[in-house]
Every structure is written in structure tokens, then in C-alpha cells.
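*Asks:* Attaching a single structure in C-alpha cells format; questions to follow.
Derivation of every value follows stated rules applied to the coordinates shown; laboratory data play no part. Everything numeric in this text was worked out from a predicted model, so none of it was measured. Neighbour counts run over all protein chains shown; Cβ positions are idealised from the backbone, glycine included.
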Amino acid sequence: MKTMLSIISNALCRMTGRNVAARVVVARSFTDFTPQVTFDIKKCDLHRLEEGPPLRAELTREQGLQYYHTMQTVRRMELKADQLYKQKIIRGFCHLYDGQEACAAGIEAAINLSDHLITAYRAHGFTYTRGVSVKEILAELTGRKGGVAKGKGGSMHMYAPHFYGGNGIVGAQVPVGAGIALACSYQGNNQLCVTLYGDGAANQGQIFETFNMAALWKLPCIFICENNKYGMGTAVERAAASTDYYKRGDFIPGLRVDGMDVLCVREATRFAAEHCRAGKGPIVMELQTYRYHGHSMSDPGVSYRTREEIQEVRSKSDPISMLKERMLANNMASAEEFKEIDIAIRKEVEEAAQFATLDPEPPLDELCDHIFHNEPPLEVRGTNPWSKLKSVS
Amino acid sequence: MASSLRSFLRSGKNVFLVLGRRRFHGSGSAAVQQEKLFPLLHVTVRDALNQAMDEELERDERVFLMGEEVAQYDGAYKVSRGLWKKYGDKRIIDTPISEMGFAGIAVGAAMAGLRPICEFMTFNFSMQAIDQVINSAAKTYYMSAGQQPVPIVFRGPNGASAGVAAQHSQCFAAWYAHCPGLKVVSPWNSEDARGLLKSAIRDDNPVVFLENELMYGVSFEMTEESQSKDFTIPIGKAKVERQGSHVTLVSHSRYVGHCLDAAAVLAKEGIECEVINLRTIRPMDVESIEASVMKTNHLVTVEGGWPQFGVGAEICARVMEGDSRTNSPTHLKETPPCKSRAAGVWNKSGMFSTSKGWPFRAFPQKSWLSLAFHILSQSAPPFPLEPLELLTTH
């Protein structure tokens with residue numbers, strides 16, 4: 001069958017002089033692709049654990065395409081945010097997640113939407129994986145009323161069901177995450193909370209207070225340290241006496257995971273989730289990852305690290321490229337399929353950016369809304385004694 | 001002394017007898033009341049708080065209490081006595097000494113659907129956790145444009161105690177009341193404590209509930225209505241404790257008692273004070289204060305916080321900016337500005353002296369009397385003020 005097709009396509013090519021073969025090739029049926037492959041993944045370093053996550057991960061074609069789609073969307077969305085920021089359409093804080101996509105995609109692949117997640121300010125990727133559309137994210141970045149928080153939160157304060165942001169104060173989200181886990185165990189709903197923080201935040205005292213209480217009360221909390229090697233501009237060796245972040249939980253078991261491999265992240269998170277749901281208490285995971293951009297849009301990101309380093313990670317460990325190469329090498333999908341996905345994502349992001357640029361800002365009479373919940377409307381003082389504003393719940 | 005003893009025996013549950021501090025506030029002397037009316041229920045502020053929490057824990061399964069020593073110790077000041085025995089480890093949680101950690105945990109629990117009561121052993125320790133109260137609790141509903149409410153109560157003793165020195169004596173009413181998104185409540189008597197704590201727990205917003213350690217042992221009469229399980233006092237309304245026509249005294253927490261005492265003394269001289277118990281610091285009931293000032297034309301604010309940038313300063317600013325200046329039926333609008341300044345306001349921060357370790361004493365009667373007289377005659381006091389007063393007004 002295949003040879004017949006290629007003979008015909010070659011003949012057609014010679015006749016028309018155009019490369020018809022390309023389109024013919026795309027018409028291959030799904031049965032031509034490998035439906036599932038088991039990959040070897042890197043072993044995780046363990047702390048206070050007898051066994052770790054499995055060393056082999058199964059990936060189906062559908063899962064692979066889905067992870068690719070998720071990571072590529074986050075990548076393109078962050079690059080578009082970069083562009084909009086440089087055009088001054090986005091202002092204020094903007095902390096980009098490109099390079100770290102495997103973390104968000106891998107974690108979400110291992111938990112349910114009914115589980116809970118809370119992270120710090122580098123939150124756009126998780127906002128997407130937790131179910132908010134690119135359109136609403138970009139519109140929130142540009143501060144328009146179509147944004148997920150109606151333009152009132154901005155980059156660091158986006159929320160969704162069972163997603164608690166987006167938190168601006170470094171490390172403050174960690175006790176809050178443990179509190180969400182407390183609510184899960186109090187309500188007995190078998191849910192857990194994934195609480196993320198960075199290598200910089202890992203030195204915050206409140207995190208150790210939280211570790212203590214989470215271990216004491218066996219809270220179903222997965223503490224994940226996204227170690228991208230730099231806290232703002234301070235390399236981990238200059239900030240931490242011990243850079244083994246997975247061991248910093250001391251009495252809490254820990255895993256160190258390759259955060260650039262989406263399968264590694266997924267398997268480790270699955271392992272951690274089982275640990276929590278079995279009632280064994282909290283667990284710490286360190287994801288070794290990398291961010292291509294600087295700390296935020298006001299940081300070029302090259303004064304404390306070399307361009308060569310960034311280039312090396314991009315060429316050797318890019319999470320999206322790694323997944324794509326794996327799938328192509330094992331005939332799980334075709335290059336054209338990936339291209340189509342890319343085109344579709346590019347279109348989605350472009351439309352979202354258009355919306356984010358053209359949508360109006362929230363109206364001024366909504367400035368004081370949402371101060372209190374379930375309250376009758378109240379009067380708020382404006383900037384001078386004669387200006388009175390209204391606040392609706 | 002005899003009446004103290006009698007009421008102690010009658011109430012049956014109050015273990016702490018603070019000699020010389022027990023007061024029964026009502027319209028007449030306690031001994032006379034006990035003979036005339038039958039039976040009066042005297043409840044200490046501590047018991048009122050305890051009952052309120054007990055009833056709310058029973059009413060709603062999502063309510064729970066966490067803090068240092070709240071469970072097995074029965075509460076550092078015994079406010080949560082008996083609750084752990086009744087409700088167990090799940091709902092009354094002893095925490096390690098980690099304010100920032102457990103305040104954050106309480107906020108997270110509130111975000112995920114529970115209704116925590118987070119106790120700070122005193123509000124001085126809440127400074128360790130103030131980031132969680134302000135940035136994680138108060139601001140979240142606004143930043144999420146209404147998606148994420150945080151129904152939490154932060155409670156504990158605030159302000160002065162007896163001789164505990166500067167680090168343990170600060171009043172945080174002004175600090176917390178500065179922040180939108182937060183409600184700040186400061187009860188005085190048992191009825192306030194009970195009704196406001198119930199309202200705070202039932203409120204879907206973060207509430208900072210400022211108690212006072214010296215008030216815990218003080219007993220007050222409570223009406224039958226205020227004993228009902230659904231008795232709540234609305235947050236945001238002040239109460240006029242005593243009607244008067246010559247001068248308005250505005251206060252909150254313990255100092256409402258001081259104002260009523262002073263009013264009783266001044267009444268003998270023919271000066272009728274109107275005493276307003278703020279009950280809520282934020283949102284503040286400015287209308288009640290303005291209505292009173294329009295009647296009396298004189299205002300004194302009394303609080304346990306430092307004068308600069310405080311609750312009293314805010315009240316003065318609002319009264320100066322507000323309608324009472326221009327709409328008063330009598331001569332407030334006719335008096336030249338300097339007179340309003342001289343006549344206007346005086347913050348009394350007596351607790352500052354205790355913080356420095358000087359022996360506590362109640363306001364000398366002489367200074368209250370003279371102060372009121374000079375305010376009313378709109379002149380400066382002719383005698384030098386006692387060093388105590390001078391030092392506290394900076």
C-alpha cells in the first residue's frame with residue numbers, strides 16, 4: 001500500500017512539478033504510528049526513601065501530543081508576553097516561565113484537577129495548566145477587564161478553581177499551601193495540595209516552620225522546589241549553605257528530579273502523590289530546571305550568568321525539543337503533525353494577544369469592588385474628602 | 001469586696017478574681033441591683049468569648065480553632081477552656097511556636113473552604129505573621145476580583161496588660177485598621193465580646209478581633225437576649241453607652257470603662273458626658289461620632305494606642321473633614337479654626353507609662369475634671385500637666 005502511494009505521488013510530482021508528496025504523506029493513518037513507548041528516565045536522588053519513582057515511563061501517543069501542546073502553548077505564550085512587555089502594552093511585574101515548561105506540564109499530568117496547587121510569582125505556566133485560557137492570561141497581564149482577575153491582579157495574582165495563585169511575597173505561599181492540605185485532610189476528601197517555591201525562597205524561615213507542622217500533622221502536601229539555579233541574580237551556591245534542596249525538609253522524605261524531562265517530572269509527582277494519599281504525610285521534591293529569561297522583564301539575565309550557559313541548556317536540555325525528538329525517533333508522531341500543532345498554537349496566542357491589546361480596561365467605577373465578600377455595598381473614601389467611591393462585593 | 005465575693009460564688013465558673021479590678025457596669029451599684037432584680041446573669045468577658053466559640057464550633061463544622069496552647073493548656077489565658085475536651089484534636093489544634101507558619105496555614109485552610117479561628121497569644125506576636133494577615137488574607141479577595149474569599153478570624157489579647165513591659169504592651173488597632181480588606185473589631189464588655197465574636201466567625205471576610213487581657217476577668221451583666229445562640233452584634237456599628245450633652249468621649253476596648261468612670265465623676269460636677277463605645281475600628285462608625293459631636297460640640301478620644309497616626313488621630317481627622325464641621329446646628333462652624341483645635345481633641349495613652357515599668361495608676365480624677373472644664377471653656381489648662389500626661393502626648 002505504501003509503495004503504491006509513493007509511486008503515484010512521485011508520478012504526480014513529475015507531472016505537476018510541485019511537491020505533492022508532502023500532503024500525501026500527511027494522510028497516513030494513525031495505525032502507522034507507535035501507540036505507546038516505554039522510555040528510560042533518569043534516576044531520582046532519594047532522601048529518607050527506600051524506593052523512588054520508577055526508572056521507566058510509559059508514554060502514549062495521545063499523552064505525548066498533549067504534553068507537547070501544553071508545553072509549546074506555555075512557551076509561545078511567554079514569548080508573546082515578552083514581546084508585549086517590550087511594546088509597553090504589559091507593565092509592572094512579568095516573570096516568565098520559558099525553559100521550565102516541563103515542570104508545569106509534568107505535575108499536572110500526575111494530579112487531578114480536583115487536587116490543589118499553589119505557586120509563587122512565576123505563575124503563568126501553572127495558570128494555564130490549571131485551566132485558564134491563554135486569552136484570559138494575556139488579558140490579565142495587560143490589565144484588561146477580560147483578564148482572569150478582571151485586570152485587578154496582574155501577572156502575580158491569577159486564580160482558578162483549586163489554583164490559589166500567583167503569590168507575590170516570596171515563600172508566603174508555602175504555609176498557605178500547607179493550610180490547603182490541612183483543609184483536604186480535615187474534609188477527608190483524598191485530595192492533596194502541590195505547593196511550589198523556588199531555590200531562592202527555600203531559605204525562608206516560614207518554609208521550615210511549615211515543614212515542621214506538615215510533618216507533625218501528616219498533611220497531604222507535596223512541597224516542590226523549582227530549582228532554576230538562580231534566585232533573582234544570586235546563584236544557589238552563593239545563597240544556600242546546602243544546595244541539596246530535596247534534603248532541606250530534614251525529617252521529610254525528598255526526591256531530586258530532572259525538571260527538564262516531562263516524563264521524569266510526571267513519574268516523580270505520581271510517586272509523591274501516592275505517598276501523600278497513602279497518609280504518609282508530606283514529601284519534598286526538587287525539580288532541577290532552568291529559565292531562559294532573566295528573573296523578570298527588567299532583568300536581561302546575563303550579568304550573573306553567561307550567554308553560553310543559556311545557549312547550552314537551550315540546545316541540549318530544552319524540554320520541548322527533548323519530547324519532540326523522543327517521539328519522532330520512536331515514530332510516535334510526524335514532524336508535520338508537530339508543525340500543525342505549532343501553527344494552531346501560534347494562531348491561538350496571536351488571537352489572544354489581539355484580544356489582550358484591544359479589550360478595554362476595567363471601568364473606574366469598579367475600582368473599589370471586591371473589598372469584602374457577601375457585604376452590602378459600602379462607601380469608600382476617594383483621594384480627597386469630597387470624593388466618595390462605591391464598593392460592591 | 002463583699003459584693004465581689006457574692007458574685008464570684010454565684011457565677012460559679014470564674015476562677016480568676018482580680019482584686020480591686022472587678023467592676024459591675026450597669027445603671028446603679030451592683031449591690032443595689034442584686035437586691036432589686038432577680039436573677040441577673042453576670043458573665044466575665046472570658047466566659048462570653050468561650051461560649052461564643054463553643055456555640056459557633058457546634059453550629060458549623062467548618063469552624064476550628066488553632067493557636068499556641070489553645071487545646072490541652074485550655075488557652076494561655078483560659079479563653080478556650082474546655083473546648084479541646086469537647087471537640088478534640090481535629091477542631092482545637094495546638095500549634096508549635098511558629099506564628100508566621102500557622103497564620104499562613106490558617107489562611108490556606110480558609111481559602112480551601114474551612115472557617116479557622118487563628119489565635120495569637122498576644123497581638124504583639126502577630127507581628128511575626130503580619131505578612132500573612134495583610135498580604136495573604138486581607139488583599140486576596142480584591143486581587144482575585146472576587147474569586148477567592150478568606151473567611152478567617154485572627155483573635156487574641158491586644159494592648160496593655162499589667163507591667164509586662166514595652167514588647168508585650170502594644171496596641172495594634174491602628175496598624176490593622178489601616179488596611180482595606182480587613183475588618184478590625186475591639187469589644188469592651190461581655191456582650192460586645194460574645195456578639196462581635198459570633199459575627200466575626202460568621203463573617204466571610206478576614207476579621208482581626210482585638211481582645212484585652214485585663215478585661216478577661218471582668219464580669220458584666222448580660223441580658224437574656226444576649227445569651228441566645230444567635231445573638232450577634234453587627235460589625236461596623238458603634239454603641240452609645242451613656243447619653244450626654246456636654247462632651248463626647250469616644251473609646252474602644254478597656255478604656256470605655258475608664259470613660260464611664262470619668263463620666264460618673266464629672267456628672268457630680270454637672271458635666272454630662274456622652275460615651276461612645278466604637279466596638280468596630282474598621283469599618284468605623286463615623287456617623288455615630290459625628291451625630292454626637294454635632295450635639296455636644298466637644299470631642300475627646302481615649303485609647304490605649306500611641307497618639308501618632310492612631311485611632312484617635314483618625315477620628316479627629318474624620319470629624320474635622322466631615323459634615324459635623326459644617327452642619328452643626330450650634331457654633332462649631334462659627335468658631336475660628338484655632339479654637340476648634342484647642343477645644344478639640346486629646347488622646348490619652350496611659351498605658352505607655354506601664355510599658356516603661358512605672359506603676360500603673362488610673363487617670364487622676366483631678367486631671368479629668370480640669371481637662372473637661374478647660375475643654376468646655378475653650379481655654380488651655382492654666383496649671384502644668386503632670387509629667388505622665390506630658391510624656392504621652394508626643
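*Asks:* Sort A:L263, A:L46 so the one with the fewest other Cβ atoms within 10 Å of its own Cβ comes first.
*Replies:* Numbers: A:L263 26, A:L46 16.
The most exposed by this proxy come first: A:L46, A:L263.
*Asks:* Quick check: residue separation of A:F33 and A:A239 times 0.36 nm, minus the Cα distance between them. What number comes out in nm? Present the calculation step by step, with values, prior to reporting the outcome.
*Replies:* Details: separation 206, 0.36 × 206 = 74.16 nm, distance 4.77 nm.
This chain segment gains 69.4 nm when fully extended.
*Asks:* In terms of the Cα gyration tensor, with a ≥ b ≥ c the square roots of its eigenvalues, is the stretch A:36-362 rounded because a/c is under 1.5, prolate because a/b exceeds b/c, or oblate?
*Replies:* Working: a/c = 1.42, a/b = 1.20, b/c = 1.19.
In terms of gyration-tensor shape, rounded.
*Asks:* Let me ask something else about it. By the gyration tensor of its Cα atoms, with a ≥ b ≥ c the square roots of the eigenvalues, what is the shape of the stretch A:229-273: rounded for a/c under 1.5, prolate for a/b over b/c, or oblate? Working shown, then result.
*Replies:* Details: a/c = 3.62, a/b = 1.46, b/c = 2.47.
Judged from the Cα gyration tensor, the stretch A:229-273 comes out oblate (a/c at least 1.5, b/c at or above a/b).
*Asks:* Let me ask something else. Hey, if you put +1 on the Cβ of every Lys and Arg and -1 on every Asp and Glu Cβ in the stretch A:270-393, which of A:H370, A:T383, A:S317 ends up farthest toward the positive end of that dipole?
*Replies:* So the residue we want is A:S317.
*Asks:* For A:D365, B:D203, what ranking results if the residue with the fewest other Cβ atoms within 10 Å of its Cβ goes first? Show your work: numbers first, answer last.
*Replies:* On the way: A:D365 10, B:D203 22.
Result, fewest neighbours first: A:D365, B:D203.
*Asks:* Can you compute the FRET efficiency between B:I97 and B:E61 using 1/(1 + (r/R0)^6), with r the Cβ-Cβ distance and R0 = 25 Å? Round to the nearest 0.05. Display every interim value, and only then the final one.
*Replies:* Working: r = 28 Å, r/R0 = 1.12.
About 0.35, to the nearest 0.05.
*Asks:* Turning to a different aspect of this structure: Over the residues of the stretch B:236-325, compute the C-alpha Rg and express it relative to 2.2 N^0.38 Å.
*Replies:* Values: Rg = 12.1 Å, N = 90, 2.2 N^0.38 = 12.2 Å.
Normalised Rg, Cα atoms only: 0.99.
*Asks:* Would you grab the residues whose amide H sits under 5 Å from the one on B:R115? Only those 5+ places off in sequence or on another chain, please, with H modelled 1.01 Å from N.
*Replies:* Placed amide hydrogens put B:V63, B:F64 under 5 Å from B:R115.
*Asks:* How many percent of all Cα-Cα pairs in the stretch B:172-324 sit more than 27 Å apart?
*Replies:* Numbers: 2362 of 11628 pairs.
So the pairs more than 27 Å apart make up 20 percent of the total in the stretch B:172-324.
*Asks:* Still on this structure, please answer the following. If you put +1 on each Lys and Arg Cβ and -1 on each Asp and Glu Cβ, how big is the dipole of the stretch B:117-230 around its Cα centre, in Debye rounded to 20? Before the final figure, lay out each step's value.
*Replies:* Values: 7 positive and 12 negative charges, 78 e Å.
Dipole of the stretch B:117-230, to the nearest 20 debye: 380 debye.
*Asks:* By the scheme Lys and Arg +1, Asp and Glu -1, what is the net charge of all other residues having a beta-carbon under 15 Å from that of A:M297?
*Replies:* Values: positive: A:K80, A:K86, A:K88, A:R91, A:R122, A:R291; negative: A:E78, A:D82, A:D98, A:D299.
Spelling it out: positives minus negatives among the neighbours equals +2.
*Asks:* Explain nothing, just compute: Karplus ³J(HN,Hα) = 6.51 cos²θ - 1.76 cosθ + 1.60, θ = phi - 60°, for every residue of the stretch A:292-309 in order, whole Hz, x for Gly and Pro.
*Replies:* These are the phi-based 3J(HN,Hα) values: 6, 6, x, 3, 9, 5, 8, 10, x, x, 10, 7, 10, 8, 8, 5, 4, 4 Hz.
*Asks:* Determine the sum of side-chain charges near A:V257: Lys and Arg each +1, Asp and Glu each -1, restricted to other residues whose C-beta is under 9 angstrom from that of A:V257.
*Replies:* On the way: positive: A:K42, A:R256; negative: A:D45, A:D258, A:D261, A:E267, A:E286.
So the surrounding residues net to -3.
*Asks:* Work out Dmax and Rg for the stretch A:268-309 from the C-alpha atoms and quote the Rg first, both in angstrom.
*Replies:* 17.1, 46
*Asks:* Identify the residues of the stretch A:156-198 with backbone N under 14 Å of a label point that sits 7 angstrom from the Cα of A:F93 along the Cα-to-Cβ direction, or state none.
*Replies:* Hits in the stretch A:156-198 for A:F93 at 14 Å: A:156-159, A:165-174, A:197-198.
*Asks:* Also: Give me the orientation-averaged projected area of the Cα convex hull of the stretch B:131-231, in nm², one decimal.
*Replies:* Working: hull surface 29.5 nm².
Value for the stretch B:131-231: 7.4 nm².
*Asks:* Within a 10 angstrom radius of the beta carbon, how do A:W217, B:W188 rank from fewest other beta carbons to most?
*Replies:* So the residues, fewest neighbours to most, are A:W217, B:W188.
*Asks:* First check a/c for the stretch B:41-227, with a ≥ b ≥ c the square roots of the eigenvalues of its C-alpha gyration tensor; if it is under 1.5, answer rounded, and if not, answer prolate when a/b is larger than b/c or oblate otherwise. Could the numbers behind the result be given before it?
*Replies:* Values: a/c = 1.40, a/b = 1.23, b/c = 1.14.
Taking the square roots of the gyration eigenvalues as a ≥ b ≥ c, the stretch B:41-227 is rounded.
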